[in-house]
Amino acid sequence: MIDGKKVLFSGMQATGNLTLGNYLGALKNWVSLADEYECFYSVVDLHSLTVRQDPAELRQRARKLLTLYIAAGLDPEKNCIYYQSHVSGHTELAWILDCFTYMGELNRMTQFKDKSAKHADNINAGLFTYPVLMAADILLYQADVVPVGKDQLQHLEITRDIAQRFNAIYGDVFTIPEAYLGKAGAKIMSLQEPDKKMSKSDENPNASIYLMDDPDTIMRKFKRAVTDSEGCVRYREEQPGISNLMDIYGACTGKTSEEIEKEFEGKGYGDFKQAVGEAVVDTLRPLQQRVEEISKDKAFLDSVIKENAIKASYYSNKTLRKVQKKVGLPEKIR
Ligand code: ATP
Ligand code: LTN
């Protein structure tokens, strides 16, 4: 609890360009949470190092992601938006938690298995202990809730296991966090393979709408989106491509699937795709404008980065000191 509010923590990696899936499934829904929770949103740049990065590109992407957080509507006065690497407590706690995590547990992580298959030439120790750094992120702020996608539930589960194990030995040190799953249907699928989720690491650029795509590109990608030969706009399992476009249209316009079915009754896929494209362009335009504006204000961004790192360090240090004391590390002479 901070000032009588429950604590919420989430993070995103600055790898790749954010997609419409990241926005509709995560960012957009985060905006309304600040009233109810004390929110920490980190750009988890240390996690990004688990796969090889171009240094200049990583720096640029991390700043872009932080800008996007703000442009999407996260008020940096109410939400603590910061770089993970600016708060040293994350790695300090991660080391201690490493000593309370078993190899067997980490070996079971499906993300580790997937990523090692994908980067077979660089299966580094950081990739293996990735979930422990994530546990440190969450536990450092005594987070009660963690909004994540389904793919991250296994990491949240190991976080809870580590916290419970630690608490069982040393008393109630950590809050046990709960997953906060967004609204159902918020999973946006690939425009090219509608049975796969839209993902920023997809190699086919036509599969995803990137948040910074220009209107022509957006319209073209929707025109090429994979559908089916049914010829009707209906929300059902046999039509995953159309259902996905309906989800996107609904998320951008607030219309329900029944309303959308009615609106496009007797109309062809061409008309429907045109409407979806326009709705997405209208949704992203203000976001893109805000990104432009905020990016130009270097002093503002720098002060957000600085102030929020100080705020995050303050809360994280409280937990870290407690943990260090519990495990028997000698107190610093101040
Ligand atoms: P990568 O391709 O690098 O694994 P990603 O695009 O899958 O990345 P993450 O960085 O894993 O995205 O996730 C960031 C946040 O966006 C998470 O909360 C996740 O649940 C959400 N998210 C990612 N993709 C989608 C999607 N297609 N639909 C809805 N939400 C999504
Ligand atoms: N692993 C997450 C990103 C992440 C995270 C976190 C999410 C790192 N630390 C802490 C929630 C809480 C991902 O790949 N989406």
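We did not get these values from a lab; they are worked out from the coordinates using the rules stated. None of these values were measured; they are calculated from a predicted model. Using ideal geometry, Cβ is built from the backbone for each residue, glycine included, and neighbour counts are taken over all protein chains shown.
At a Förster radius of 22 Å, what calculated FRET efficiency corresponds to the Cβ-Cβ distance of MET1 and GLN324, to the nearest 0.05?
Details: r = 22 Å, r/R0 = 0.99.
The value I calculate is 0.50.
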Distance in Å, no decimals, from the C-alpha centre of segment 144-172 to the one of segment 203-218 is 35
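What does the convex hull of the alpha-carbon atoms of segment 253-334 project to on average, in nm²? The partial results should precede the final answer.
Values: hull surface 44.6 nm².
Average projection, Cα convex hull of segment 253-334: 11.1 nm².
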Helix 269-296 versus the longest principal axis of the chain: what angle, 0 to 90°, nearest 10, using Cα atoms? 40
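Hey, could you get me the Stokes-Einstein D for the chain, Kirkwood radius over alpha-carbon pairs, 20 °C and 1.002 mPa s, rounded to whole µm² s⁻¹?
Working: Rh = 21.3 Å.
Taking Rh from Cα pairs, D becomes 100 µm²/s.
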Between segment 38-103 and segment 267-309, the Cα center-to-center distance that results, in Å: 21
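Quick one: Kirkwood hydrodynamic radius for segment 91-203, alpha-carbon pairs, angstrom, one decimal?
Working: mean 1/r = 0.0645 Å⁻¹.
Computed over segment 91-203, the radius equals 15.5 Å.
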Between the Cα axis of helix 153-170 and the main Cα principal axis of the chain, the angle (0 to 90°, nearest 10) is 20
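How high is the FRET efficiency between ASP172 and LYS223 when r is their beta carbon distance and R₀ equals 51 Å, given to the nearest 0.05?
0.35
Stick to the Cα atoms of segment 187-334, pair each with every other, and give me the Kirkwood hydrodynamic radius in Å at one decimal. Before the final figure, lay out each step's value.
On the way: mean 1/r = 0.0536 Å⁻¹.
Its Kirkwood hydrodynamic radius stands at 18.7 Å.
What size of dipole, in debye to the nearest 20, comes out for segment 26-174 about its Cα centre when the only charges are +1 on Lys and Arg C-beta atoms and -1 on Asp and Glu C-beta atoms?
For this selection, approximately 540 debye.
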Cα coordinate range in segment 128-194, projected on the principal axes (Å, largest first): 50, 27, 16
Using alpha carbons only, how many degrees (0 to 90, rounded to 10) separate the axis of helix 89-98 from the longest principal axis of the chain? 80
Segment 90-144 - convex hull of alpha carbons, volume per residue in Å³: 85
If I take the Cα coordinates of segment 152-250 and project them onto the principal axes, what are the three extents in Å, biggest first? 61, 29, 21
Surpassing 31 Å at the alpha-carbon level, of the pairs LYS187/LYS298; LYS118/LYS267; LYS200/LYS298; LYS118/LYS255; LYS6/LYS118; LYS187/LYS262, are LYS187/LYS298; LYS118/LYS267; LYS118/LYS255; LYS6/LYS118
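Relative contact order of the chain, please, whole-number percent, based on alpha carbon pairs below 8 angstrom and at least 6 residues apart.
Relative contact order comes out at 21 percent.
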Under a plain spin-label model, where a point goes 7 Å from the Cα along Cα-to-Cβ, how far apart in nm are CYS99 and LYS267? 6.4
Taking every pair of alpha-carbon atoms in segment 14-173, give the share separated by more than 22 Å as a whole percent. 46
